[in-house]
Structure formats: C-alpha cells, structure tokens
Amino acid sequence: MNQDNRNFGRDQIIINYPSGNVVIGNPVSLTVTVSEILPEAQHWQSRAEEEQILSYLADGVRMVGIVGAGGYGKSALAAQLVKTIRKQNLEQADPSVSVFDRVLIANFQTPVDFQTFGRWLGQKFGYEPAADWSDEQLATEGLNWLVKQRCLLVLDNLEALLQSKELWFPYGRFLGRWLGGAGQGTVLLTTQIRLELPTANWEWVPLRGLRLEQGVELLQAQGVEGETTDLKSFVEAAGRHPLLLQLAATWLKRQAKENDEPAEIYRLQQDDVTLLRRVTERHRDAEVSVGTVLDWSFEALEPEWLRALLWRLSFLRQGFGLEAAQAMVDEPVVDEPVELAELRRLARWSFLQEQRVGEERVWQFSFLPLIQRYLRSGAAEVEQEQLAHRRAIKYFEQNGEAEPKTLEQAEPTFERFHHHCELEDYAAADEAMDSCHNVLRRQGHYRVLLPIYEQLTQQWSVALGPDAETKQKLGWAWSRLGNLYTSLSQYHQAIEAHEQAQRYFQDAEFTKGNSAALMHLGNAYQSLGKYHEAIDYHSQSLEIRREIGDRNGEANSLGNLGNAYQLLGKY
C-alpha cells in the first residue's frame, strides 16, 4: 500500500456530525454496489447556480456542496453539470488543459458502507484493495488516488448516509481529510442537510426555487399554456418548487381528457391557481404540498393496477428495467404484462425517472427520493409492502445463480437477503446467504459479508422465536459473523460474536454447536496472544467432542491445543 500520506494525516479535520433532521440508530439497508447514475430532469431549466458552480470548479475549489430540500432538483443540477463538463472536455483541443481528467459519480440514494465505496473508488483507478484494509487505509489510499489526476467526484444524495453515526463517520472523516489536504480535483456533493465544515476551502450553494420566467418555461415545456400573468401566478402558488410545479401541471393535463387520453395542451385557468394556492398556503411545507398533489395524481391513475405497480416498484433498491417491473405485478392484478410504454408514461407523469444506460442504451427507471418515500408510505397503508417484497424475492430468485461463484453473480442473492429481512423472515435470509457465503469467504470478500451478517444477527436476535432449531440457525449465523471478524483481525468483536453463538447453542442444547463455539473462542484468544485462555477453551471443546464421538472435531481440538502449547514454548 502506498504510504505517502503527507497531506492526509490523522490530525486532519473531521466533519462534525449534523445534529438536526437526522435519524440516529435505525437499521440501515446497505447495498454492495455503488450506483453511478444521476437522474436527469426531463425538462431542464437552466439555473443561476449552474454558472456559479462551474466557476467554482474552474477555480479549483476543493469541495462544493449543493444543498436544498427534496424536489428542488439537486441531482438534476449535478447531472447537468457533469454533462456540461464532459462536453467541455470533448471540445477542448488540448487534452492537457481539460477541465477534469476524470469524472466519477456515486449516488447514495440507497446507501453503501465506506468499505464498499472505498473499494469501488480503487477499482475506478485500476487498483484492487486488499480484503483486510480498514476504513482508514481505504480513505488514505482513496485520497492518494484522487489527487494523482484532476478528478471530479460527485457524491449525490449524501443525506442518505446520515441514517446512523456508524455509517456516516468514515465518510465524514474522509471528506474532512480531503478538505485539509492538497492536490488537484474537486468533490461535488448534493444533500438536504448542510454539514458543518470547519475549513475555508469549500463553498455551499443553496438551491432554491425557480425564477418566475423559468417556472413559466417549465409549464410551457409540459404543454401548459395561458396568460403570462396566470402562468406566473401558478408558479408563485407552487412556491417556485420545480417538482411541485411539474406534478401540478401533469395533474391538470390529465384532468382534461380527450378520448380517455390526457390532453397534449392544457389552457391554465384562474381556478387552477386558486386551488394550488390553497394547498401551499394550508401546508407551508413544500414536501407536504407535494404529497397533496401526488395524492391527486395518484388517485387519478388509470388503470388502477398502475397504483399497485408503483407501490411495489418503490421497494426495489436499485434502478430497474422492464423485466423487473413485469415481475412485480401478478395475474390477479393485471391480465397483460407491463409494457415499456406504460413505464414511460409513468415517467411523463413524474412518478418515475427514466434514462437510457449501458452500451445497448436500454431504458432504466428509478424514483426521486421524495416520491419513493411517498409511495412506500402509501403501500404500507394498503398492505402492498409485503407483496412487493415477496415479488422481488421471486424475481431475484429466478434471475440469479443458484450457487453464485463471484461477487457480481451474488448481487441478486444480496437483494433476496434484503427483502427477506424486510419481511422479518430471517431464516429464509440466512438460507439465501448459504448459497454464496462459503465461496465469497474463500475469495476474501470479508468486508462485503460483514454488514450482511451484522444485520442478520442483530435483527434476528430481537425477533427470535422459542424453538431450538431456530436458535441453532441463529447460533451458526453468529458463528459466521465471529469468523468474519477473525479474518479481519477484529478479535475482540470475534470473541463477543462467538460468545453469543455459544449462548444460543446452549439454549438449544446443541452440543456440537457449543463445541464449535468453544473452538472459535480458543482461536480468537490465541490470536490475541492469550494462550492460557485459548488452551482452556480448546480443552473444553476437546472434552465435548470426545463425549459425543466427534472424531474429526477431536482431531481439530488436539491440533489447536498443540499450536497453543507450542506458542507458549511448551514443546
């Protein structure tokens, strides 16, 4: 590992954890991949902030943050900035004076832990971080990789990482050290929560509502026409909020139907302005107003099965294509398969974001975080949430390998695991991981498996039933967690995990599991240099294995005892 850490010492600045509007201590659903897709606005209205940020980037400002409430277009602005920068690079005759040598995008709408992010960053620069690298090592190397080129690193939806202090801390330290260091490049982040950054080498750009003229242009781009004064009044009634304006315009067009199809052009009426003004004046909070207009638009969805489709799709963690959408509805809901045109229509109605991805330019769809929260809340009220998780499990089961051999092949298994946990079916989640745990552990993917087994053991322990068979399975899950900690040289955590495993094995009166837990405890204490404690645990394990006639286990215990005595010099 590169030890050149002149600019990134341990004494560099750490970003203070924000105190307001942050959920602390809730379980965090993580993914094992970093999304590199920024949602783009269907009708982009140039913003004054765009030129301001481009000037900051040209001046080499170390970090620029776009901050604003949900629905104001932070991600769309970041996507537009990336598009502009890439165009500038293509138009630059001399590559040596390009704006940025490299643009990297990490979208955290579904959060990933720092280990996943750090390894993704290394792969982008052509490195394969070692399996046992700590967060600190990954941060150090990541900073060294970033400054070797003039890189723009876009971190979108950063507020998703603020769900817990444990998740956020390594990111905060990484950004603090980036601000306190030297070298080329800029970090551009979008967030709903303004972070406390105690150095001068950064700029915050608050993203507010559209200008009146921009709001009018957005309405006209969506086919809403009328007197200029009425259009401006409608923009004002929406609080100049881009998403609210777009949703309201879509709803108005859908109310004016010709042959059951929404009107292409809608003539704005004064009553429309009055109606929207009543909503925004009653709620004041823009997100609540968005929710009200979403209610109108959602209730007007036809055919009705589109509602069930949106409810269920909102529980998918990553972007999805047509095949996944078709899998989320069942025959009692819809007679014919979902078609691409229907998904694209939902995008035109602002429920979905659409984008072509990959070399084959296939359509991929996703949700804005605010709309996803709205849909998930509605799904819970009408008991669609569990159906969504079950359909997702079936889809990933049918579209994944029965026995994954690589990390990439295991991604559908991780999604099944997530949805089983959401259903609180932890035995099924454990069974899903059985298909890939051993092969991934042999390949050294300890950091990938660790948060999975941390989540499984902690949540399953709370929901545990009284039967002995379940306690045995949970004991083995704790045992796997302990072995992962041991592989990462986190021996104290390994001891705690194996002690938990032993408790569940003892409660289930499962002698073989108890002897295995004692053996693992002996190995962990031996790794800590506590050889007398190790000998004690190995001796207990040996005694049990002799009692139950486990000859292979007896041999292992004898070998472990021999190793411990040798380390003590008792040859």
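The values are calculated or read from the model by the stated rules, or taken from the named source; none is laboratory data. In this text, all values refer to a predicted model and were calculated from it rather than measured experimentally. Neighbour counts run over all protein chains shown; Cβ positions are idealised from the backbone, glycine included. Only protein heavy atoms, including side chains, enter the accessible area calculation; ligands, DNA and RNA are left aside. Shrake-Rupley method; radii C 1.70, N 1.55, O 1.52, S 1.80 Å.
Working only within segment 245-287, note down all residues that are modelled with pLDDT of 85 or more, touching a strand residue (DSSP E or B) at 6+ places or on another chain (Cβ under 8 Å) and surrounded by fewer than 18 Cβ atoms within 10 Å (Cβ to Cβ).
Ile265, Arg267
Within segment 185-228, track down each residue that is open to solvent by 10 Å² or more (accessible area, probe 1.4 Å), part of a helix (DSSP H, G or I) and among the aliphatic types (A, V, I, L, M).
Leu212, Val216, Ala221
Take Gly126 and decide whether it is touching a residue at least 12 places away in the same chain (Cβ under 8 Å) and more than 25 Å from Gln372 (Cα to Cα).
no
Please name all residue pairs, on different chains or six or more residues apart, with Cβ atoms under 7 Å, provided the first residue is in segment 501-519 and is free of Cβ contacts under 8 Å to residues at least 24 places away in the same chain and the second residue is part of a helix (DSSP H, G or I) and open to solvent by 10 Å² or more (accessible area, probe 1.4 Å).
Gln506/Asn514
Would it be correct to say that Leu188 is modelled with pLDDT of 85 or more and farther than 25 Å from Trp145 by Cα?
Considered against the rule, which asks whether it is modelled with pLDDT of 85 or more and farther than 25 Å from Trp145 by Cα, Leu188 comes out as no.
So, in segment 532-544, exactly how many residues are crowded, with 21+ Cβ neighbours inside 10 Å and closer than 17 Å to Gly475 by Cβ?
Summing the residues that are crowded, with 21+ Cβ neighbours inside 10 Å and closer than 17 Å to Gly475 by Cβ in segment 532-544 gives 2.
Go through segment 488-530 and report how many residues are more than 33 Å from the chain's Cα centre (by Cα), within 21 Å of Arg447 (Cα to Cα) and among the acidic types (Asp, Glu).
0
Residues that are under 16 Å from the mean Cα position of the chain (by Cα): which helices (runs of 4 or more DSSP H) entirely in segment 74-158 hold 2 or more of them?
114-124
So which pairs qualify, if the first residue must be in segment 202-215 and more than 16 Å from Ala76 (Cα to Cα), the second must be open to solvent by 50 Å² or more (accessible area, probe 1.4 Å) and assigned to a helix (DSSP H, G or I), the Cβ gap must be under 7 Å, and the two must be at least 6 apart or on different chains?
Leu212/Lys232
Given the conditions (1) among the basic types (Lys, Arg); (2) more than 41 Å from the chain's Cα centre (by Cα); (3) farther than 25 Å from Thr470 by Cα, and given that Arg545 satisfies all but one, which numbered condition is not satisfied?
Arg545 satisfies all of (1) among the basic types (Lys, Arg); (2) more than 41 Å from the chain's Cα centre (by Cα); (3) farther than 25 Å from Thr470 by Cα except (3).
Just one of (1) crowded, with 20+ Cβ neighbours inside 10 Å; (2) in contact with a Ser or Thr (Cβ under 9 Å, 6 or more places away or on another chain); (3) hydroxyl-bearing (Ser, Thr, Tyr) trips up Tyr485, so point out which.
(2)
Open to solvent by less than 80 Å² (accessible area, probe 1.4 Å) and part of a loop (DSSP other than H, G, I, E, B): which single residue out of Gly529, Gly559 fits that description?
Gly529
Within the group Leu568, Leu518, Leu474, which residue is surrounded by fewer than 19 Cβ atoms within 10 Å (Cβ to Cβ) and not β-branched (Val, Ile, Thr)?
After applying the criteria, what remains is Leu568.
Name the single residue that is nearest to Leu368 (Cα to Cα) among those in segment 288-329 being at pLDDT below 85 and open to solvent by 30 Å² or more (accessible area, probe 1.4 Å).
Looking at residues that are at pLDDT below 85 and open to solvent by 30 Å² or more (accessible area, probe 1.4 Å), I get Val288.
Just give me the residues in segment 383-409 being open to solvent by less than 40 Å² (accessible area, probe 1.4 Å), in contact (Cβ under 8 Å) with a residue 60 or more places away in the chain and in a loop (DSSP other than H, G, I, E, B), in sequence order.
Listed by number, the list holds a single entry, Gln384.
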